[in-house]
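**Student:** Quick one: the structure is below, and I'll ask about it shortly.
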Amino acid sequence: METLKNMIDQEHEQVVFCYDKSSGLKAIIAIHNTILGPALGGLRLWPYACEKDALFDVLRLSRGMTYKNAAAGLNLGGGKAVILGDPSIKSEALYRAFGRNVQSLGGRYVTAEDVNTSTEDIMQIREETNYVTGLPETAGGGGNPSPITAIGTLEGIKISVLRRLGAASLKGITVAVQGVGHVGEHLCELLHEEGAGLIVSDIDPRAVQKMVKQYSATGVEHEQIYAVDADVFAPCALGAVINEQTIPQFKFTVVAGAANNQLLDENKHGILLKEKNILYAPDYIINAGGVINCYYELIQEYSRDSVIKKVKNIYQTLETIFQIAEEQNIATHQAAAHFAEKRIETIGNLQRTYLGD
Ligand code: NAD
């Protein structure tokens, strides 16, 4: 894989390869775009088969963060970092070595937790750099973002249902939730409170049973979720679940859930949903609660109540995106990209004025 060519193709600003002999750290930090502010995105620890796979992943994910942060209205650019390694072998030295690399970028990149990294790991990184967010509540941070992500997802489901079904309330609406882990479980609780009916699936049968017991959900085998009779499909487990195999099974009229990278092929499957008249709430818009939580932890004294208010704006953001899609007769994922690009362009074109020392 030619690194520079890939950077040019996807318009990355900077890609940093990090190695530390004593800790064994092998990492890549990708800064995609800093027009709106420092590049924020989580640190993923993953046993990549080869360097090429790691580079492909970090370039793709950092670009995605530019769009997610811009569309959420945050003064943040997009970045991401990956450590190439075995998630079962973590050490203070590894994270501190990574932290030194983050520090060396002088704030151009801010790290946070992601797949296989925890708030405890972030605390070790913080020994070497202040450019971290997503700290535990005990350290003045926002703590677990999942309940916040679920609140934003609920708002996204509400506006999608209003738009597509004309229903001003979720009472009597059936939602199929795929994956009832950290976000999915909270989402089920909120949906139940709103009077929605629930159909749930998870590869862990105990997680399903819990939802059946607590929220009178109907549990189904995990592959059956795509064909159930429900108004809304809320993917809250894996990516790539919207594809050629699953779309023909859908009886849903709305897809609105928290999982990242739901469309296997962005363009193909986003357009296929539009053609089937299924309203898709773009994943990086509806699941932005976690990053909004991180941003407000970074810029001010953390207050959960004020973060929740900001997260509820996901409702208005999606409403705007649905409007753009309708007016321009384009798919909603395309409208979301236009919306994010417009904000980067508008802010990027502001006249530079001398602000003094
Ligand atoms: P999690 O690991 O806590 O939960 C995922 C759940 O999905 C687990 O219960 C798992 O058993 C289940 N699952 C796995 N494969 C499945 C399958 N084939 N069918 C049904 N269930 C399956 O993760 P989470 O933190 O709840 O995140 C869920 C999704 O939301 C992920 O895609 C994540 O990237 C995304 N997301 C999470 C946050 C957050 O704040 N946690 C923020 C933004 C996006």
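**Student:** Could you tell me which of rounded, prolate or oblate describes the range 210-357, using a ≥ b ≥ c as the square roots of the eigenvalues of the alpha-carbon gyration tensor, with rounded for a/c under 1.5 and, failing that, prolate when a/b is larger than b/c and oblate otherwise? Walk me through the numbers before you get to the answer.
**Tutor:** Working: a/c = 2.71, a/b = 1.47, b/c = 1.84.
Oblate, since a/c reaches 1.5 and b/c is not below a/b.
**Student:** How high is the FRET efficiency from ASN277 to ALA49, r the C-beta distance, R0 45 Å, rounded to 0.05? Walk me through the intermediate numbers first.
**Tutor:** Numbers: r = 40 Å, r/R0 = 0.88.
Computed FRET efficiency for ASN277 and ALA49 comes out at 0.70.
**Student:** Pop a pseudo-label 7 angstrom from the Cα along the beta-carbon direction at both SER306 and GLN214 and give the gap in nm to one decimal.
**Tutor:** For SER306 paired with GLN214, the spin-label model returns 3.0 nm.
**Student:** Among ALA256, ALA288, LEU318, pick out the residue whose Cα is farthest towards the positive end of the charge dipole of the chain, where Lys and Arg carry +1 and Asp and Glu carry -1 on C-beta, about the Cα centre.
**Tutor:** My answer, from the dipole projection, is LEU318.
**Student:** Going 7 Å from the Cα of GLN249 in the Cα-to-Cβ direction, what parts of the range 188-212 have a backbone nitrogen less than 18 Å from that spot?
**Tutor:** Residues passing the 18 Å test: 199-205, 208.
**Student:** Before rounding to the nearest 500, sum -39500 (n - 2.57) across all DSSP H runs of length at least 4 in the chain and divide by the residue total; then give [θ] at 222 nm in deg cm²/dmol.
**Tutor:** Details: 13 runs with 157 residues, N = 357.
About -13500 deg cm²/dmol.
**Student:** Alpha carbon centre of the range 7-62 versus the range 287-357: separation in Å?
**Tutor:** Measuring centre to centre over Cα atoms gives 23 Å.
**Student:** While we're on this one: For ASP265 and ASP204, what does the FRET efficiency come to when R0 = 25 Å and r is the distance between their Cβ atoms, rounded to the nearest 0.05?
**Tutor:** Working: r = 28 Å, r/R0 = 1.14.
Between ASP265 and ASP204 the formula returns 0.30.
**Student:** When the Kirkwood radius is taken over all Cα pairs of the chain, what Stokes-Einstein diffusion coefficient follows at 37 °C and 0.692 mPa s, in µm²/s? If you can, show how the numbers build up before the last one.
**Tutor:** Numbers: Rh = 20.9 Å.
Estimated via Stokes-Einstein, D reaches 157 µm²/s.
**Student:** Using a 7 Å offset from Cα along Cα-Cβ at GLN103, what residues in the range 118-132 end up with backbone N under 16 Å from the label point?
**Tutor:** Flagged as within label range: 122-132.
**Student:** If you take the alpha carbon radius of gyration of the range 132-256 and divide it by 2.2 N^0.38 Å, what ratio comes out, to two decimals? All intermediate terms of the calculation are to be shown ahead of the outcome.
**Tutor:** Details: Rg = 14.8 Å, N = 125, 2.2 N^0.38 = 13.8 Å.
Taking N as the residue count of the range 132-256, the ratio is 1.08.
**Student:** Here is a follow-up. Might you report the magnitude of the Cβ-based charge dipole of the chain about its Cα centre, with Lys and Arg at +1 and Asp and Glu at -1, to the nearest 20 debye?
**Tutor:** Working: 32 positive and 42 negative charges, 74 e Å.
With only Lys, Arg, Asp and Glu charged at Cβ, the dipole is about 360 debye.
**Student:** Give me the percent relative contact order of the chain, please, defined on Cα pairs under 8 angstrom at least 6 residues apart. Write out the running numbers ahead of the final one.
**Tutor:** On the way: 734 pairs, mean separation 53.5, N = 357.
Taking the mean separation of contacting Cα pairs over the length of the chain, I get 15 percent.
**Student:** Moving to a separate point now. Any idea of TYR315's accessible area? Nearest 10 Å², probe 1.4 Å.
**Tutor:** 50 Å²
**Student:** Sort 328-339, 27-38 by packing, meaning the average of other beta carbons within 10 Å per residue, with the highest value first. Could you put the intermediate results ahead of the total?
**Tutor:** On the way: 328-339: 19.2, 27-38: 23.0.
Peptide ranking by packing, descending: 27-38, 328-339.
**Student:** Place a +1 charge on the Cβ of each Lys and Arg in the range 1-149 and a -1 charge on the Cβ of each Asp and Glu, then give the dipole magnitude about the Cα centre in debye, rounded to the nearest 20.
**Tutor:** On the way: 14 positive and 17 negative charges, 43 e Å.
Computed about the Cα centre, the dipole is about 200 debye.
**Student:** Please work out, to two decimal places, the log10 of the ratio I(q)/I(0) at q = 0.18, 0.20, 0.22 Å⁻¹ from a Debye calculation in which every Cα of the range 154-219 carries one identical scatterer.
**Tutor:** Each listed q corresponds, in turn, to -0.59, -0.71, -0.83.
**Student:** Indicate, rounded to the nearest 5 percent, the antiparallel portion of the DSSP beta bridges found entirely in the chain.
**Tutor:** Looking only at bridges with both residues in the chain, the antiparallel portion is about 35 percent.
**Student:** For the chain, with all protein chains present and a 1.4 Å probe, just round the carbon and sulfur fraction of the accessible area to a whole percent. It would help to have the intermediate numbers written out before the result.
**Tutor:** Details: 8130 of 16590 Å².
The nonpolar share, carbon plus sulfur, comes to 49 percent.
**Student:** Another question, if that's okay. Dipole of the range 207-357, Cα-centred, from +1 at each Lys and Arg C-beta and -1 at each Asp and Glu C-beta, to the nearest 20 debye? Please list the in-between numbers first.
**Tutor:** Values: 13 positive and 18 negative charges, 66 e Å.
Rounded to the nearest 20 debye, it is 320 debye.
**Student:** Sorted by accessible area (1.4 Å probe), largest first, how do LEU154, LEU84, LEU350 line up?
**Tutor:** On the way: LEU154 10, LEU84 40, LEU350 105 Å².
Highest to lowest solvent-accessible surface, that is LEU350, LEU84, LEU154.
**Student:** Given the options ALA97, ALA167, ALA340, state which has the largest fluctuation in a GNM of the chain using a 10 Å cut-off (strictly under) for Cα springs.
**Tutor:** Judging by the Gaussian network model, the answer is ALA167.
**Student:** Another one. For a quick protection proxy, order the peptides 12-24, 221-233 by their average other-Cβ count within 10 Å, most packed first. All intermediate terms of the calculation are to be shown ahead of the outcome.
**Tutor:** Numbers: 12-24: 14.9, 221-233: 18.4.
Averaged packing, sorted descending, gives the order 221-233, 12-24.
**Student:** Rounded to the nearest whole Å², what accessible area per residue is found for the chain with the 1.4 Å probe?
**Tutor:** Per residue, the chain has an accessible area of 46 Å².
**Student:** Which one, ALA227, LEU355, GLN245, projects farthest toward the positive side of the charge dipole computed for the chain from Cβ point charges (K/R +1, D/E -1)?
**Tutor:** In the chain, that residue is LEU355.
**Student:** For the range 45-168, list log₁₀ I(q)/I(0) at each q in 0.09, 0.13, 0.18, 0.22 Å⁻¹, using the Debye formula over Cα point scatterers of equal strength and ignoring solvent, two decimals each.
**Tutor:** Treating every Cα as an identical point scatterer, log10 I(q)/I(0) equals -0.33, -0.64, -1.08, -1.42.
**Student:** Here is a further query. Using a cut-off of 13 Å between beta-carbons, work out the net charge of the residues near LEU264 (Lys and Arg +1, Asp and Glu -1, LEU264 not included). Don't jump to the answer; show the numbers that get you there.
**Tutor:** Working: positive: LYS268; negative: GLU244, ASP265, GLU266, ASP283.
Surrounding charge for LEU264 is -3.
**Student:** Semi-axes of the range 61-133's equivalent ellipsoid from the Cα gyration tensor, sqrt of 5 times each eigenvalue, largest first, rounded to whole Å?
**Tutor:** On the way: eigenvalues 97, 40, 20 Å².
The three semi-axes for the range 61-133 are 22, 14, 10 Å.
**Student:** Please build a GNM for the chain, connecting alpha carbons under 10 Å apart, and tell me which residue among ILE203, ILE159, ILE89 fluctuates the most.
**Tutor:** Judging by the Gaussian network model, the answer is ILE89.
**Student:** Specify which residue in the list ILE29, ASN101, LEU298 is farthest towards the positive end of the charge dipole of the chain, using unit charges on the beta carbon of Lys, Arg (+1) and Asp, Glu (-1), about the Cα centre.
**Tutor:** Ranked along the dipole, the leading option is LEU298.
The values are calculated or read from the model by the stated rules, or taken from the named source; none is laboratory data. Just so you know, these numbers come straight off a predicted model, no measurement behind them. Neighbour counts are summed over all protein chains in view; Cβ atoms, including those assigned to glycine, are modelled from backbone coordinates with ideal geometry. The area values use the complete protein model at the heavy-atom level, side chains included, leaving out ligands, DNA and RNA. Shrake-Rupley method; radii C 1.70, N 1.55, O 1.52, S 1.80 Å.
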